[in-house]
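Colleague: Take this structure first; my questions come after.
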Amino acid sequence: GLSKKLGDVLGRLRGRGALNEADVDAALREVRLALLEADVALPVVKQFIDGVRPKAVGAEVIRSVSPGQMVVKIVHDHLVEMLGGEASELNLNAVPPVVVLMVGLQGSGKTTTTAKIARRLTLGPQGMAADAFGGSFKERKKVLMASLDVTRPAAQEQLRILGEQAGVATLPIVPFEQPLGITRRALDEGRRGGYDVIMLDTAGRLAIDEQLMAEVAAVRDASKPTETLLVADAMTGQDAVNTARAFNEKVGITGIVLTRVDGDARGGAALSMRTVTGRPIKLLGAGEKIDALEQFHPDRIATRILGMGDIVSLVERAAETIEKEDAEKLAAKVRKGQFDLDDLLQQLRQLRKMGGLQGLMGMLPGAAQAKAAMQKANLDEKVIKRQEAIIQSMTPKERRNPDIIHASRKKRIASGAGAQVQEINKLLKQHAEMVKMMKRVNKMGEKGFMRSLGNMM
Ligand code: GDP
Ligand code: MG
């Protein structure tokens, strides 16, 4: 099976330094198979692999992790990023009644999902776990649903029944009325009735066709939706790309709802649709029941698509252990006042790797108090890179004994780093003050130490 083959590759790769091209390509061959097995569309697989490869080649393999495992972690992180990083909320920021337009192929779950979202909005925070949904669900909304599906005889009736079960109002059915007529009536009723949200459930076809797209586009123009959600079945395989592209080009979608994630599909459609449209996946349908609606979490779907969750958490645990060890080593040095320029360099790198202040904050004690002070100090990436370059131009001996850095050495360091001698002076002064402060840390307590550190940088 796949995981055995991957295991073999990982075994072969075990125990080398930075990731070389051969390591990466061997591991990526298995990742490619995993993505195809998860039903990610072929062109998206290719694009994904091309995107992650340069991130992996040359990357440091962290201690106690094999190169293959490291590649899997890098792939996972890239996958999370491609899936949108953070969970994305429903956007209802418009003058009410806010229109939400539901589009998609027939049988994708539009009508069911319309009722699910409407019920969730109607309930507001009631019966909801604190972090279950984003802010758009944190207030009760008055919702009106309308079915524009005149192609199937029972479609409007289906929504009416769901509305009754869910305790959500539906627009009364008028026989033989056409989609645009229903849309106008829904807007009128929405305004007249003081509704916050109008959900328009459109008809689907078994496959994309021009007539469907023209009809949906006309409804869009008449209703000016704030959200246009493409509802798609998680089982959609290679077709996901065509479906998503067609709806996005012809109608313009703002988000995607993936349904039937309760089935055994690995969910590759999520990556395909997100990649092709650039639109976020906002919600998941996880069953036929009215409350089977979930927040989308990119990391969970990434793990499911890749099917290598064990490896990912193993690498994460290893990384945490190392960070903890490094932090402890640093803390010991700080206590003894032995914080040299190598330590400063390491801190600057950490700071930059973590994307700013959080890194240093997490590693040093008494974090929160100093944060404001450090933000004020404007420690942006450019400044950090410059300071790194200066320290890198020093010899190991100079880094351990900054006292020996006199005029001629300063000149050499400055020209090596493409900097002015004043900048070298400033950095050395900062470092000296940091060390002085660190020696006093026990007397002052952590709070005062961090505040002073923040003021100096
Ligand atoms: P529409 O044609 O796009 O409006 O699709 P429907 O909402 O009528 O759904 C078609 C079928 O899929 C119905 O039997 C639903 O109960 C079922 N369905 C919808 N969403 C889900 C889901 O998230 N999980 C499962 N298991 N079934 C779903
Ligand atoms: Mg329907």
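The values are calculated or read from the model by the stated rules, or taken from the named source; none is laboratory data. As the structure is a prediction and not an experimental result, all values here were calculated from the model. Neighbour counts are summed over all protein chains in view; Cβ atoms, including those assigned to glycine, are modelled from backbone coordinates with ideal geometry.
Colleague: Evaluate the following for Q165: is it among the polar types (S, T, N, Q), out of contact with any His (no Cβ under 7 Å at 6 or more places or on another chain) and either closer than 30 Å to S313 by Cβ or not in a helix (DSSP H, G or I) (or both)?
Modeller: no
Colleague: Which residue out of I182, I173 is within 16 Å of ligand 2 (Cβ to nearest atom) and assigned to a helix (DSSP H, G or I)?
Modeller: Matching residue, one of I182, I173: I182.
Table: residues versus (1) of a type in the set (D, E, K, R); (2) not in a loop (DSSP other than H, G, I, E, B).
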{"residue": "I390", "(1), (2)": "no, yes"}
{"residue": "M394", "(1), (2)": "no, no"}
{"residue": "K410", "(1), (2)": "yes, yes"}
{"residue": "S415", "(1), (2)": "no, yes"}
{"residue": "A419", "(1), (2)": "no, no"}
{"residue": "Q422", "(1), (2)": "no, yes"}
{"residue": "K426", "(1), (2)": "yes, yes"}
{"residue": "K429", "(1), (2)": "yes, yes"}
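Colleague: Among the residues in the range 190-201, are any surrounded by fewer than 17 Cβ atoms within 10 Å (Cβ to Cβ), under 14 Å from R220 (Cα atoms) and either away from ligand 1 (no atom under 12 Å from the Cβ) or of a type in the set (D, E) (or both)?
Modeller: For the range 190-201, residues surrounded by fewer than 17 Cβ atoms within 10 Å (Cβ to Cβ), under 14 Å from R220 (Cα atoms) and either away from ligand 1 (no atom under 12 Å from the Cβ) or of a type in the set (D, E) (or both): absent.
Colleague: Which residue is surrounded by the fewest Cβ atoms within 10 Å (Cβ to Cβ), if the candidates are limited to the range 143-160 and must be in a loop (DSSP other than H, G, I, E, B) and of a type outside the set (G, A, S)? It would help to see each step written out before you state the result.
Modeller: Step one: of the range 143-160, the residues in a loop (DSSP other than H, G, I, E, B) are 148-154.
Subsequent filtering for residues that are of a type outside the set (G, A, S) retains 148-153.
Working: L148: 27, D149: 21, V150: 17, T151: 14, R152: 14, P153: 8.
Across the range 143-160, the extreme among qualifying residues is P153.
Colleague: Pairs only if they're at least six apart or on different chains, beta carbon under 8 angstrom, first in the range 149-164 and hydroxyl-bearing (S, T, Y), second near ligand 1 (Cβ under 9 Å from one of its atoms); list them, first residue then second.
Modeller: Within 8 Å, the pairs are T151/A203.
Colleague: Here's another thing I want to ask about it. Looking at D50, D23, can you tell me which residue is at pLDDT below 90 and either part of a helix (DSSP H, G or I) or surrounded by fewer than 17 Cβ atoms within 10 Å (Cβ to Cβ) (or both)?
Modeller: Details: D50 fails: at pLDDT below 90.
Just a single option satisfies the conditions, and that option is D23.
Colleague: Right, next: Give the residue, chosen from Q158, Q106, that is more than 19 Å from I253 (Cα to Cα) and within 16 Å of ligand 2 (Cβ to nearest atom).
Modeller: Just a single option satisfies the conditions, and that option is Q158.
Colleague: Do we find that T111 is more than 13 Å from ligand 2 (Cβ to nearest atom) and under 22 Å from N248 (Cβ atoms) in this structure?
Modeller: no
Colleague: Also: Being of a type in the set (A, V, I, L, M, F, W, C), in the same structural domain as L28 (by TED's automatic domain parsing) and either touching a residue at least 40 places away in the same chain (Cβ under 8 Å) or within 16 Å of ligand 1 (Cβ to nearest atom) (or both): is that true of V57 here? Steps first, answer last, please.
Modeller: Values: of a type in the set (A, V, I, L, M, F, W, C): yes; in the same structural domain as L28 (by TED's automatic domain parsing): yes; either touching a residue at least 40 places away in the same chain (Cβ under 8 Å) or within 16 Å of ligand 1 (Cβ to nearest atom) (or both): no.
When the stated conditions are applied, V57 does not pass them.
Colleague: Is it true that K110 is at pLDDT 95 or above, more than 20 Å from D196 (Cβ to Cβ) and buried (at least 22 other Cβ atoms within 10 Å of the Cβ)? If you could, list the steps in order and put the result at the bottom.
Modeller: On the way: at pLDDT 95 or above: yes; more than 20 Å from D196 (Cβ to Cβ): yes; buried (at least 22 other Cβ atoms within 10 Å of the Cβ): yes.
Considered against the rule, which asks whether it is at pLDDT 95 or above, more than 20 Å from D196 (Cβ to Cβ) and buried (at least 22 other Cβ atoms within 10 Å of the Cβ), K110 comes out as yes.
Colleague: Just to be sure I understand the filter: pairs with C-beta atoms under 7 Å, separated by 6 or more residues or on different chains, first member in the range 198-223 and farther than 15 Å from T112 by Cα and in contact (Cβ under 8 Å) with a residue 24 or more places away in the chain, second member of a type in the set (V, I, T) and part of a helix (DSSP H, G or I). Which pairs pass?
Modeller: Every condition considered, the pairs that remain are I208/T243; V219/T183; A222/T183; S223/T183.
Colleague: Out of K116, K138, which single residue is basic (K, R), modelled with pLDDT of 95 or more and under 33 Å from the mean Cα position of the chain (by Cα)?
Modeller: Residue meeting the stated conditions: K116.
Colleague: Identify the residue in the range 269-296 that is away from ligand 1 (no atom under 16 Å from the Cβ) and farther than 22 Å from R32 by Cα and, among all such residues, is surrounded by the most Cβ atoms within 10 Å (Cβ to Cβ).
Modeller: Taking the range 269-296 first, the residues away from ligand 1 (no atom under 16 Å from the Cβ) are 271-272, 274-280.
Applying the additional criterion that residues be farther than 22 Å from R32 by Cα yields 279-280.
Numbers: R279: 21, P280: 19.
The qualifying residue surrounded by the most Cβ atoms within 10 Å (Cβ to Cβ) is R279.
Colleague: So which of P125, P172, P153 ends up being more than 16 Å from ligand 1 (Cβ to nearest atom), assigned by TED's automatic domain parsing to the domain that holds D262 and more than 35 Å from the chain's Cα centre (by Cα)?
Modeller: Numbers: P125 fails: more than 35 Å from the chain's Cα centre (by Cα); P153 fails: more than 16 Å from ligand 1 (Cβ to nearest atom).
Going through P125, P172, P153 in turn, just one is more than 16 Å from ligand 1 (Cβ to nearest atom), assigned by TED's automatic domain parsing to the domain that holds D262 and more than 35 Å from the chain's Cα centre (by Cα): P172.
Colleague: Also, I was wondering about something else. Determine whether L6 is at pLDDT below 95, in contact with a helix residue (DSSP H, G or I) (Cβ under 6 Å, 6 or more places away or on another chain), hydrophobic (A, V, I, L, M, F, W, C) and part of a loop (DSSP other than H, G, I, E, B).
Modeller: Numbers: at pLDDT below 95: yes; in contact with a helix residue (DSSP H, G or I) (Cβ under 6 Å, 6 or more places away or on another chain): yes; hydrophobic (A, V, I, L, M, F, W, C): yes; part of a loop (DSSP other than H, G, I, E, B): no.
For L6, the condition - at pLDDT below 95, in contact with a helix residue (DSSP H, G or I) (Cβ under 6 Å, 6 or more places away or on another chain), hydrophobic (A, V, I, L, M, F, W, C) and part of a loop (DSSP other than H, G, I, E, B) - is not met.
Colleague: Could you please let me know if N242 is touching a Leu at 6+ places or on another chain (Cβ under 8 Å) and either in a helix (DSSP H, G or I) or basic (K, R) (or both)?
Modeller: no
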